[in-house]
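Trainee: Structure in structure tokens, see below.
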Ligand SMILES: Nc1ncnc2c1ncn2[C@@H]1O[C@H](COP(=O)(O)OP(=O)(O)OP(=O)(O)O)[C@@H](O)[C@H]1O
Ligand SMILES: [Mg+2]
């Protein structure tokens, strides 16, 4: 098992209850989507996995390590295995595509080399190869603020790959894109998933897209898992249950 999330709960400081007793697991190389209405807790799950936020209860094991108990240095090492792709790309817009991709290996570098932007020949070659993999060779030296949304997201994917992850967490990677670009991004994610055996955990708002691309789907509502199964098991009735559940926190 690559990732095991067991009985996690989270209440934000302002009292918002975001997750209640959530459990699921991901095997190596699986493509799993998380669906559910706005406010269900999808982003909170992803943030908890790489410990951008702490959880109140439960366990998160990634490659056997208990993420919730790691010291800062161990957490930094463990996070190398987890890439992130965001809805709004989170690129440094005044830097070029290649520079943004190189940022993906900052977790492997000394503070000084990172700040000074000192990268090895091997790292630069790898960054170019990854831009090539997402079809952006000719944009390597373009500033990111000159790229389209779909191109920016491809830079975001290449940056995530630069850290040689075992898992990529994608928080609504296509929510800001037109349908054509959205399809392209998901096709790239699927290709990476299949060719590089990198697991993907993807928050999505589009149920049909989740069905088309995922090995498995997790439905959540009000911070609880309301569905977990293969795409074929996700009947219309179950979709309604996921989106219209009125269950309240106890
Ligand atoms: N930083 C925060 N502080 C306080 N409450 C928060 C914070 N982030 C999220 N919440 C609350 O936690 C709950 C789950 O939010 P979360 O962002 O995980 O949902 P989501 O499923 O990602 O929604 P969306 O589809 O709109 O992105 C919501 O009630 C939300 O208001
Ligand atoms: Mg969200």
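Since every read-out is calculated from the coordinates, none of them should be taken as a lab result. Just so we're clear, the structure is a prediction, and the values are computed from it rather than from any experiment. All Cβ positions, glycine included, derive from the backbone under ideal geometry; neighbour counts span all protein chains shown.
Trainee: Which of the three applies to the stretch 34-166, rounded, prolate or oblate, going by the alpha-carbon gyration tensor with a ≥ b ≥ c and a/c under 1.5 meaning rounded?
Mentor: Verdict is oblate for the stretch 34-166.
Trainee: Explain nothing, just the number: relative contact order of the stretch 90-167, from Cα pairs under 8 Å at least 6 residues apart, as a whole percent.
Mentor: 50
Trainee: Hey, another quick one. Based on other C-beta atoms within 10 Å, arrange 38, 43, 93, 33 from fewest to most.
Mentor: Going from least to most buried by this count: 38, 93, 43, 33.
Trainee: Using 0.36 nm per residue, how much length does the chain from residue 4 to residue 23 gain when fully extended, once their Cα-Cα distance is taken away?
Mentor: 6.1 nm
Trainee: Here's something else I'd like to know. If I stretch the segment between residue 65 and residue 148 completely, what's the gain in nm (0.36 nm per residue apart, minus their alpha carbon distance), one decimal?
Mentor: Extending this stretch completely gives an extra 26.1 nm.
Trainee: Right, here's the next one. Over the chain, with a Gaussian network built from C-alpha contacts below 10 Å, which listed residue (28, 183, 71) shows the highest mean-square fluctuation?
Mentor: Of 28, 183, 71, the Gaussian network model singles out 71 as fluctuating most.
Trainee: On a C-alpha basis, how far is the centre of the stretch 54-111 from the centre of the stretch 24-53 in Å? Whole number, if you could?
Mentor: When both Cα centres are located, 15 Å separates them.
Trainee: Also, I was wondering about something else. Which of these, 42, 166, 124, has the largest mean-square fluctuation under a Gaussian network model of the chain (Cα springs below 10 Å)?
Mentor: 124
Trainee: Then there is this: Taking a ≥ b ≥ c as the square roots of the Cα gyration tensor eigenvalues, with a/c under 1.5 meaning rounded and otherwise prolate when a/b beats b/c, else oblate, which class fits the stretch 145-210?
Mentor: Judged from the Cα gyration tensor, the stretch 145-210 comes out oblate (a/c at least 1.5, b/c at or above a/b).
Trainee: Apply the a/c threshold of 1.5 to the C-alpha gyration tensor of the stretch 121-250 and tell me whether it is rounded, prolate or oblate.
Mentor: Here the stretch 121-250 falls in the prolate category.
Trainee: Can you compute the label reach from residue 129? Point 7 Å from Cα along the Cβ direction, backbone N cut-off under 18 Å, restricted to the stretch 174-198.
Mentor: Once the point is set 7 Å along Cα→Cβ of residue 129, 191-198 turn out to lie under 18 Å by backbone N, inside the stretch 174-198.
Trainee: Okay, moving on. Between 237, 194, 125, find the one with the highest GNM mean-square fluctuation for the chain; connect C-alpha pairs within less than 10 Å.
Mentor: Greatest mean-square fluctuation among the candidates belongs to 237.
Trainee: Test of understanding: extend the Cα→C-beta vector of residue 75 to 7 Å, then name every residue of the stretch 86-119 with backbone N under 16 Å from that spot.
Mentor: 107
Trainee: So the label point goes 7 Å from the Cα of residue 52 along Cα→C-beta, right? Which residues of the stretch 81-122 then have their backbone N under 11 Å from it?
Mentor: Label zone hits: 84-90.
Trainee: For the stretch 1-56, what Kirkwood radius comes out of the mean inverse Cα-Cα distance, in Å?
Mentor: About 12.0 Å for the stretch 1-56.
Trainee: Still on this structure, I have one more. Run through the DSSP bridge list for the chain and note the antiparallel percent, rounded to the nearest 5.
Mentor: Antiparallel bridges: around 50 percent, rounded to the nearest 5.
Trainee: Here is a follow-up. Helix 179-195 against the longest principal axis of the chain: what's the angle in degrees, Cα atoms only, rounded to the nearest 10?
Mentor: For helix 179-195, the angle is close to 80 degrees.
Trainee: Separation between the residue 121 and residue 240 pseudo-spin-labels, each 7 Å from Cα along Cα→Cβ, expressed in nm?
Mentor: About 6.5 nm, to one decimal.
Trainee: A follow-up question, please. Expressed as a rounded percentage, what relative contact order does the chain have, with Cα pairs under 8 Å and six or more residues apart?
Mentor: Once divided by the residue count of the chain, the mean separation gives 28 percent.
Trainee: Taking the chain on its own, what percent of its Cα-Cα pair distances exceed 26 Å?
Mentor: Above the 26 Å cut-off, the chain has 40 percent of its Cα pairs.
Trainee: Roughly what % antiparallel, to the nearest 5, for the DSSP beta bridges in the stretch 107-246?
Mentor: Once the DSSP bridges in the stretch 107-246 are tallied, antiparallel ones form about 50 percent.
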